[in-house]
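Please read the structure below before turning to the comments.
Every number in this text was worked out from the coordinates using simple rules, so none of it is lab data. The structure presented is a predicted model; accordingly, all values stated were derived computationally and were not measured. Counting neighbours? That spans all protein chains shown, and the Cβs are built from the backbone with ideal geometry, glycine included.
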Amino acid sequence: MPMNIHAPSLGVGAGIAVLSILVAFFVLDSDVLENDTTAKINLADNTEQAKESDSKIDMSLFSSKATALLGSPDATVTLVEFGDYQCFYCNRFFHNTESGIVKNYVDTGKVKIIFKDFTIIGKDSINAAHASHCANEEGKFWEYHDVLYNHWTGENNGWASSDNLVEFAKQTGLDEIAFSECMLDGRYSSVIEQSNSDARTLGITGTPAFFVIGSDNTVTKISGAQPYEVFEKIFESELKK
């Protein structure tokens, strides 16, 4: 199948904006290339922007309408991902970075991961997200999540069709009848839309977007499929607190 890349996911995947804050949340712009982990930020502009904003983070935006937690509930650091299963850069993060985070931080009890939907690319994005919630009913969200990304072939080209989603359910060992009923019911449509609304409230314009939450509720935003070292640096900084 030909690979098509949706503009919003491409734009965010090609940029980096990393900002640590305590309580207040500000979104910064940067004109740096993907994977440039030494990006320079205009501090004068950022300071001015911060002074103009007195908004507070509603921490429920990170946990409400989310799927199953990956890792220990007692982990002191939380990684929240807003993703779209059709997104090129989300798939890139999954294959290049996520496994290292899971091995070194999740499996060791240091970091827990929360996944939230931001379905911005097309109808199949919503269907895939809904399917993951249906899989969650049988306690297999993360297994289905992995199957989706392992079968990714592009954007809006049919790989996440209804028939394929049922086939993925079989591969994951789900109850086909229960899964199909869940899909037909559309019982998670409002959950997905609320998650999308949460993403927009947080100022997210593309996928993937990440938020690292420390033990003191310090929030760090990471835009795009940044390399493992970017996440590692932030995790280590938070874990030292």
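Quick one: R200, R187, R92, fewest Cβ neighbours within 10 Å first, how do they rank?
R200, R187, R92
In a shell of Cβ-Cβ distance under 11 Å around Q86, excluding Q86 itself, what net charge do Lys and Arg (+1) and Asp and Glu (-1) give? Walk me through the numbers before you get to the answer.
Numbers: positive: K123; negative: D84, D124, E155.
Result for the neighbourhood of Q86: -2.
Restricting things to alpha carbons, tell me how big the range 122-185 is in terms of Rg and Dmax, in Å.
In order Rg, Dmax, the Cα atoms of the range 122-185 give 10.4, 29 Å.
Order by neighbour count: V147, V80, fewest other Cβ atoms within 10 Å first, most last.
Arranged by neighbour count, lowest to highest, V147, V80 become V147, V80.
Which whole-Hz couplings ³J(HN,Hα) result when phi for each residue of the range 110-125 is put into the Karplus expression 6.51 cos²θ - 1.76 cosθ + 1.60, θ = phi - 60°, listed in order with x for Gly and Pro?
8, 10, 10, 10, 10, 10, 10, 7, 9, 8, 10, 9, x, 4, 5, 4
Place a label point 7 angstrom from the Cα of T76 along the Cα-to-Cβ direction, then list the residues of the range 213-231 whose backbone nitrogen is under 13 Å away.
Under cut-off, by backbone N: 214-218.
Of the listed peptides 129-135, 154-160, what is their order by residue-averaged count of other C-beta atoms within 10 Å, with the highest listed first?
129-135, 154-160
Which ³J(HN,Hα) values in Hz, rounded to whole numbers, follow from the phi angles of the range 169-180 under the Karplus curve 6.51 cos²θ - 1.76 cosθ + 1.60, where θ = phi - 60° and Gly and Pro get x?
Along the range 169-180, the couplings run 4, 4, 4, 8, x, 7, 6, 4, 5, 4, 4, 5 Hz.
Take the cross-link list K116/K170; K110/K140; K170/K221; K103/K241 and give me the ones stretching past 29 Å between alpha-carbons.
Among K116/K170; K110/K140; K170/K221; K103/K241, the Cα-Cα distance tops 29 Å for K170/K221.
Could you tell me the center-to-center distance, by alpha carbons, between the range 180-203 and the range 219-241 in angstrom?
Answer, in whole Å: 27.
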